């Protein structure tokens, strides 16, 4: 009899634990439903309930962080992602969420640090290297950014976005020839990469080669006639050539 | 007996005519309320009803033209405004509507024709001269634009928009000193006129004075930090002075 009672009690304890776990899952699920319906404030209430029941429930921390980010409460979202990281410091989604929150706060140094963590967790993904490089460029650190683009290019030597950003780093460091060679490589991979033509134009312009600069801007405009930047750039080349009437024709229409 | 019959027929015709006119005005007013509520499609249906009742209702044609314009049905809008001008060739809102829609269609020649009609209807209206001047500039006819802008300035010597536009005409002829003088006048009238600072930067750049050009672009950017035109112009001035890193910083953000 005594034995039976112990077994029943054990079963009850297991059942209660399971129910509690299910309830946590349920609250998180409810929160996600509200989140999907863009009812972010309500979703946060559900995620809080899930976290209260189980502070180690990483998904609820992450989802809460995402919901707070959706309502632009970036500082609070950072705390939530931190909650997830306290449970597991290698939670990639938490670092990714932090990157976005820091970018929204224009805090690029912290965003870059978070991006470095993502790269550390998942070094075989080229996009992680790229993101880290881009965030370093946003801080004006073109040299360190170069190393990150190298990391991306080690994984995929034809990764156009990394080639392009690396070209920008070279241009920023005054290495026009190096940048130009990368831009030519991009265009041999993808002749429709308009941004490469545009930067080619800028490099030509820096070298005082206005005719090829104009040609490059024209190529960019042909790919995307709605893109005003190469047209404005062309205006400057025309100005430098003393063709002010043509330059001003562009000026009044952009 | 015959004359009584004639009398009643006349009364009936007059009543019908009066009813149609009233109904047309009623539908036009009702549609106007829908336009205010931004319910443009339904408003257009009511304008059509109004015009079914009385095709000579000029106001309804104009209002319909405006509704079609807001719905981006530019050809239909032109048709409506044309009907209004056919009914009354001296109707300024109809010509104004035509000038605006043709301008949106980038048909600057027809827009100028409509704008010319407005200057004939009301030669003392400075805004009409300015509008015509701008349309001439859009076609690259800076000389004739100057004539129109001078008419606007003759009406109001402190008309900043006209002074600014005249400065652009001067720049097209490479008369940078005259342009700067006009732009300084604009800035003296309105210290927050960002376009004037930007054009001043252009003028200084054309004179090869990149340092002061950058300062002028910075003034424009103090007013509107995210203005891509001023940012792009500053980027070019920086490139011209060998400040590639700062130029790249801008390129990443535009």
Legend entry - helices (runs of 4 or more DSSP H) contained in segment A:146-254 and holding at least 1 residues closer than 30 Å to residue A:116 by Cβ and in contact with a helix residue (DSSP H, G or I) (Cβ under 8 Å, 6 or more places away or on another chain): A:160-172, A:176-189, A:194-206
Legend entry - Matching residues, segment A:225-241, being under 11 Å from residue A:251 (Cβ atoms), more than 7 Å from every other protein chain (Cβ to nearest Cβ) and free of Cβ contacts under 8 Å to residues at least 24 places away in the same chain: A:231, A:235
Legend entry - Criterion violated by residue A:189 - all others in (1) facing chain B (nearest Cβ under 9 Å); (2) at pLDDT 95 or above; (3) over 23 Å from the mean Cα position of the chain (by Cα) satisfied: (1)
Inset, instruction - Inspect segment B:101-114 for any residue being closer than 25 Å to residue B:159 by Cβ, free of Cβ contacts under 8 Å to residues at least 24 places away in the same chain and out of contact with any helix residue (DSSP H, G or I) (no Cβ under 6 Å at 6 or more places or on another chain) and give the result as yes or no. - result: yes
Legend entry - Residue satisfying all of: in segment B:140-195; within 14 Å of chain A (Cβ to nearest Cβ) and loosely packed, with under 15 Cβ neighbours inside 10 Å; farthest from residue B:226 (Cα to Cα) among these: B:143
Inset, instruction - Would you mind telling me which numbered condition in (1) within 14 Å of chain A (Cβ to nearest Cβ); (2) part of a helix (DSSP H, G or I) residue B:86 fails? - result: (1)
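The values are calculated or read from the model by the stated rules, or taken from the named source; none is laboratory data. Source: prediction; values computed, not measured. Cβ: placed from backbone, ideal geometry, glycine included. Neighbour counts: every protein chain shown.
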